[in-house]
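Working notes, structure below.
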Amino acid sequence: MKNEITCPRIVEIKNTKIEAKNIKTIFFNFPSKNIIPGQFLMIWIPGLDEIPMSVSYISDREIGFTFRKVGEATRALYDLKKRDKIGVRGPYGNGFTIKGEKILVVGGGTGIATLAPLIEKILSTKKRRVTVIFGVKTKDELFFTRRFRNIDLKISTDDGSIGFKGVASELAEKIINNEDFDQVITCGPEKMMKKIVDICNSRKIPVQASLERYIKCGIGLCGQCCIGEGLRVCKDGPVFEGDTLAKIPEFGYFKRDASGRKIKI
Ligand SMILES: Cc1cc2nc3c(=O)[nH]c(=O)nc-3n(C[C@H](O)[C@H](O)[C@H](O)COP(=O)(O)OP(=O)(O)OC[C@H]3O[C@@H](n4cnc5c(N)ncnc54)[C@H](O)[C@@H]3O)c2cc1C
Ligand code: FES
């Protein structure tokens, strides 16, 4: 892609925001004009690691990524403060393609971070309408609810502490059974996305899902992130159409770790 920055650009953190327990956003200045919602950046934490992060905020000059503290690299990122420095390269991957006027967006957990700029892009065109399902385990894990206060937002929690009691894919199925949508777009736990893609494929509703695989180069060279018949998640994805996903046997079942070993999803 002609606008991607291929060597890490050292940027100063402009701001940070705690979104929920263990979930934080880091903001910095970076060329944002050509970023497509759903694309990701490679974030270099000097001396430690380089990891993929979706762009979660896109404004004229400033962008941000939102992450959950899960391991060594995200713990180190979580501890960074305003004026600390990170390396950033990208944006990489294809991003989402909006089709039609009435869109259902289904996010599970931090998957909603990837979807947030897409939701804003859908709403930037007056004729488009969006319904958003945000699924979490319990209400304390919710974030971005103020950001989404003017949209048709439906919440599901596994424990029923707020909204629909159950998983996001169950709520999505109920809604799809009652309403017609031109397209469904999803990002979150792969088992959730697999259920949604299967539901949409069986009803012939166009569907896109954003996949996570272990990313090393991020630019299609090393082959670490290959799925199906030689599709690279970093270059051909991370967003895939439902009919492509239907032909990928490992979708919803297994992924590979840094050494290429299979891990059950
Ligand atoms: C395209 C893409 C976009 C992503 N966007 C986000 C996001 O917006 N917010 C967010 O919280 N997380 C996102 N992730 C996941 C994030 O990259 C991992 O959670 C992070 O790398 C974990 O690193 P760690 O050292 O803290 O944890 P570890 O303890 O090292 O690993 C925890 C989990 O993260 C996975 N992981 C570790 N390193 C990588 C890597 N280089 N590539 C892919 N997965 C890895 C591990 O396989 C494991 O499942 C994204 C992943 C991909 C592939
Ligand atoms: S991470 Fe190297 S080809 Fe995708």
Qualifying position, being under 19 Å from GLY100 (Cα atoms) and among the β-branched types (Val, Ile, Thr), among ILE176, ILE162, ILE227 = ILE176
Could you grab me the full set of residues in the stretch 213-225 that are touching a residue at least 12 places away in the same chain (Cβ under 8 Å), surrounded by fewer than 22 Cβ atoms within 10 Å (Cβ to Cβ) and more than 7 Å from ligand 1 (Cβ to nearest atom)?
-> CYS217, ILE219, GLY220, GLN224
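Select from the stretch 175-193 the residues that are more than 16 Å from ligand 1 (Cβ to nearest atom), in contact with a helix residue (DSSP H, G or I) (Cβ under 8 Å, 6 or more places away or on another chain) and either assigned to a helix (DSSP H, G or I) or of a type in the set (Gly, Ala, Ser) (or both) and list them in ascending order. I'd like the intermediate steps shown before the answer.
The first filter runs over the stretch 175-193 and keeps only residues more than 16 Å from ligand 1 (Cβ to nearest atom), leaving 175-184.
So of that shortlist, the ones also in contact with a helix residue (DSSP H, G or I) (Cβ under 8 Å, 6 or more places away or on another chain) come out as 176, 184.
If the condition is that a residue be more than 16 Å from ligand 1 (Cβ to nearest atom), in contact with a helix residue (DSSP H, G or I) (Cβ under 8 Å, 6 or more places away or on another chain) and either assigned to a helix (DSSP H, G or I) or of a type in the set (Gly, Ala, Ser) (or both), then ILE176 is the only one that fits.
When you scan the stretch 192-207, do you find a residue that is under 21 Å from ALA258 (Cα atoms) and under 18 Å from the mean Cα position of the chain (by Cα), even just one?
Here is the first cut: in the stretch 192-207, the ones under 21 Å from ALA258 (Cα atoms) are none.
The answer is no, given that none of the residues of the stretch 192-207 is under 21 Å from ALA258 (Cα atoms) and under 18 Å from the mean Cα position of the chain (by Cα).
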Under the condition of being among the polar types (S, T, N, Q) and either under 16 Å from the mean Cα position of the chain (by Cα) or within 20 Å of ILE122 (Cβ to Cβ) (or both), which residue from the stretch 136-155 is modelled with the highest pLDDT?
-> THR145
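The values are calculated or read from the model by the stated rules, or taken from the named source; none is laboratory data. Keep in mind that what you see is a predicted model, and the values were worked out from it rather than measured. Cβ coordinates were reconstructed from backbone atoms using ideal geometry, including for glycine residues, and neighbour counts include every protein chain displayed.
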